[in-house]
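**Student:** Sending over a structure as structure tokens; questions will come in a sec.
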Amino acid sequence: MRETHGLTETHAVRETEGQRHVTWDGFAAQYWGQRPTRLTAPSPLDAARAHELVVESAEPFRVGTVYRALPKVRLHTSRGWLGAPGRLLPDADDKSAQQYLARAGRELTVPGLLLSVRQPLHLDHGVWTAVRDELAGLWRAVGWPCLPVESELTEAQQFTWDRGMGAPCEHAVLIWVLEGAMEVELWPEAGGGPVELAASAGELLYWPEGYRSRERHAQRSVTLRVQVPRARHLATAAVRTLLADAVHDRLDHDGSVPLLPFPAPTPPDGPTAVAPELARVGEAAGAALAQGGPARTLRLRWAALRSAAGLDPAPPPRPSTPPAVGRRFKVVGEIVRIPDGPGRWIWAAGGHAFPVGGAAGERIAEQLIPDRELTVAELCRAVGADEHNTAVPALLGKLVGLRVVEMLDDRGQQ
């Protein structure tokens with residue numbers, strides 16, 4: 001008998017008997033960052049709507065692989081992924097994941113398939129919001145992610161996925177099983193025996209960073225996967241990319257690397273000078289940091305991610321216009337605000353951030369309490385602006401577009 005992560009089993013930990021159903025606070029105290037587990041946790045997304053998102057995401061990929069596009073769709077088989085799956089992707093005639101997997105299974109010449117759709121949630125604001133709100137409950141218990149959280153929908157049958165075997169995972173992994181069942185075998189980087197977990201519809205699998213993994217979909221299954229960045233170097237890479245963008249914007253050449261003579265010309269004082277083009281890059285980086293551009297961009301990104309519970313990309317704002325003075329509105333969501341220097345704030349909602357300056361912005365924020373209803377005129381009077389003020393309606397129009405404010409009709413209905 002050996003012990004693995006506080007659970008005992010002859011060869012490996014198995015959690016296919018019984019269930020664990022805890023609150024996010026309980027989950028954070030017992031499992032987060034400590035050990036894998038399976039929980040009873042209904043998904044914020046049902047299998048039927050997930051399949052509709054999969055079909056919508058797959059449409060642009062019917063003519064071939066689309067690069068640098070989100071959602072990112074890949075069809076994997078036991079022989080590798082198909083670059084141009086064509087009609088093997090789901091379409092409107094496939095009314096469910098079960099129907100699609102049965103059809104694709106008949107048409108494939110090799111056994112097993114897994115359809116992966118990465119970052120699909122922004123296609124539907126309602127779905128995105130439901131997942132965001134569910135994750136927010138967890139982040140309130142463990143802390144808010146400062147890097148984007150990746151979502152993925154999968155539809156699979158008779159498929160074993162070894163993508164987690166190459167190296168220990170740098171992300172915490174949450175997998176809701178929406179339909180069917182799946183199993184996962186985990187190997188901790190720190191050593192010890194394997195951990196085996198199995199889950200069916202209505203359950204959630206979790207494992208922390210530092211595990212190698214193999215996932216098995218023996219029957220037809222639909223899952224929602226969320227990956228939370230945890231490795232320290234991921235934050236370093238994000239800041240490095242941001243600084244590189246700032247440097248590129250400051251340089252007036254095409255970005256090509258020049259060919260230089262060697263040995264480099266030696267100045268009269270003897271030391272060899274730094275290659276001029278490299279020196280210019282260093283000077284641009286120093287100037288960008290000194291003027292605070294990257295720091296401000298980081299604040300904007302943090303505010304946007306905080307309002308999105310880490311989900312990125314966010315749904316685009318809906319069309320909106322500044323409301324009339326007599327219109328009544330209701331605050332229906334949270335507005336995230338962080339300081340951005342004297343008299344300046346960054347506001348964020350629904351995954352989008354923007355600057356707001358001046359004392360009036362502070363007074364407006366004090367009035368925009370969630371669930372509160374008032375008219376535009378009442379808001380203007382409360383912040384000391386007259387009814388002809390254009391800044392207050394313009395700000396409200398922006399918040400309506402971000403779906404944190406809803407306009408009401410004369411009867412107080414949305």
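**Student:** If we sort 321-327, 52-58, 302-308 on the protection proxy, mean other Cβ atoms within 10 Å, highest first, what's the order? Mind dumping the intermediate values first?
**Tutor:** Numbers: 321-327: 14.3, 52-58: 20.0, 302-308: 23.0.
Going by the mean number of other Cβ atoms within 10 Å, highest first, we get 302-308, 52-58, 321-327.
**Student:** Running a GNM on the chain with Cα contacts under 10 Å, which residue among HIS76, HIS233, HIS217 ends up with the highest mean-square fluctuation?
**Tutor:** It is HIS233.
**Student:** Can you work out the FRET efficiency for the pair GLU277 and ALA237, with r the C-beta to C-beta distance and R0 = 22 Å, to the nearest 0.05?
**Tutor:** 0.40
**Student:** Counting other C-beta atoms within 10 Å, and keeping those with at most 13, which DSSP coil trypsin sites (Lys or Arg not before Pro) do you find in the stretch 33-117?
**Tutor:** Loop-located and lightly packed - ARG68, ARG79, LYS95.
**Student:** Using +1 on the beta carbon of Lys and Arg, -1 on that of Asp and Glu, and nothing else charged, what's the dipole of the chain about the Cα centre, debye to 20? Intermediate values should be presented prior to the final figure.
**Tutor:** Details: 45 positive and 49 negative charges, 24 e Å.
Value, rounded to 20: 120 debye.
**Student:** Related question: State, to one decimal in nm, how far the label point of ALA295 lies from the label point of VAL110, with both points 7 Å from Cα in the Cβ direction.
**Tutor:** Result: 5.3 nm between the two label points.
**Student:** Between GLY137, ALA181, VAL117, whose Cα lies farthest towards the positive end of the dipole of the chain when Lys and Arg beta carbons carry +1 and Asp and Glu beta carbons carry -1, centred on the Cα centre?
**Tutor:** Sorting the options by dipole projection puts first VAL117.
**Student:** Once you place label points 7 Å from the Cα toward the Cβ at MET407 and GLN99, how far apart are they in nm?
**Tutor:** In this crude spin-label approximation the distance works out to 3.9 nm.
**Student:** Another question, if that's okay. Hand me the GluC sites (Glu not before Pro) from the stretch 186-246 located in a DSSP loop with no more than 15 other Cβ atoms within 10 Å, in residue order please.
**Tutor:** Working: sites: GLU189, GLU196, GLU203, GLU209, GLU215; in loops: GLU189, GLU209.
Those that pass, being in a loop and sparsely packed, are GLU189.
**Student:** Taking only DSSP H segments of four or more residues, each worth -39500 (n - 2.57), what value at 222 nm results for the chain once the sum is divided by all its residues, to the nearest 500 deg cm²/dmol? Write down the numbers at each step before the final one.
**Tutor:** Working: 10 runs with 124 residues, N = 414.
Dividing the helical sum by the residues of the chain leaves -9500 deg cm²/dmol.
**Student:** Want the number for GLU366 to THR160: 0.36 nm per residue separation, take away the alpha-carbon distance, what's left? Walk me through the intermediate numbers first.
**Tutor:** On the way: separation 206, 0.36 × 206 = 74.16 nm, distance 5.33 nm.
In short, 68.8 nm is gained.
**Student:** Which loop trypsin sites (Lys or Arg not before Pro) in the stretch 337-414, with loop taken from DSSP, have no more than 16 other Cβ atoms within 10 angstrom of their Cβ?
**Tutor:** Values: sites: ARG337, ARG344, ARG363, ARG372, ARG381, LYS398, ARG403, ARG411; in loops: ARG372, ARG403, ARG411.
Here the sparse-neighbourhood loop sites are ARG372, ARG411.
**Student:** Please report, as a whole percent, how much of the solvent-accessible surface of the stretch 322-390 comes from carbon and sulfur atoms (probe radius 1.4 Å).
**Tutor:** Working: 1780 of 3440 Å².
Of the solvent-accessible surface of the stretch 322-390, carbon and sulfur hold 52 percent.
**Student:** Now a separate question. Compare the Cα positions of PRO148, TRP347, GLY286 along the charge dipole of the chain (+1 at Cβ of Lys, Arg; -1 at Cβ of Asp, Glu; about the Cα centre) and return the one farthest towards the positive end.
**Tutor:** GLY286
**Student:** Estimate the FRET efficiency between ARG140 and THR65 by the formula 1/(1 + (r/R0)^6), using the beta-carbon distance for r and 45 Å for R0, to the nearest 0.05. Can you show the working numbers first?
**Tutor:** Values: r = 39 Å, r/R0 = 0.87.
With a Förster radius of 45 Å, E is 0.70.
**Student:** Taking the simple approach of a point 7 Å from Cα along Cα-to-Cβ for both ALA285 and ALA190, what is their distance in nm?
**Tutor:** Reported label-point gap for ALA285 and ALA190 is 3.5 nm.
**Student:** Determine the shape class of the chain: with a ≥ b ≥ c the square roots of the Cα gyration tensor eigenvalues, call it rounded for a/c under 1.5, and otherwise prolate if a/b is greater than b/c, oblate otherwise. Could the numbers behind the result be given before it?
**Tutor:** Values: a/c = 1.72, a/b = 1.17, b/c = 1.46.
Oblate is the answer for the chain, as a/c is 1.5 or above yet b/c matches or exceeds a/b.
The values are calculated or read from the model by the stated rules, or taken from the named source; none is laboratory data. On a predicted model such as this, the values are computed, not experimentally measured, just so you know. Every residue, glycine among them, receives a Cβ derived from its backbone with ideal geometry; neighbour counts consider all protein chains shown. With ligands, DNA and RNA removed, areas are computed over all heavy atoms of the protein, side chains included. Shrake-Rupley method; radii C 1.70, N 1.55, O 1.52, S 1.80 Å.
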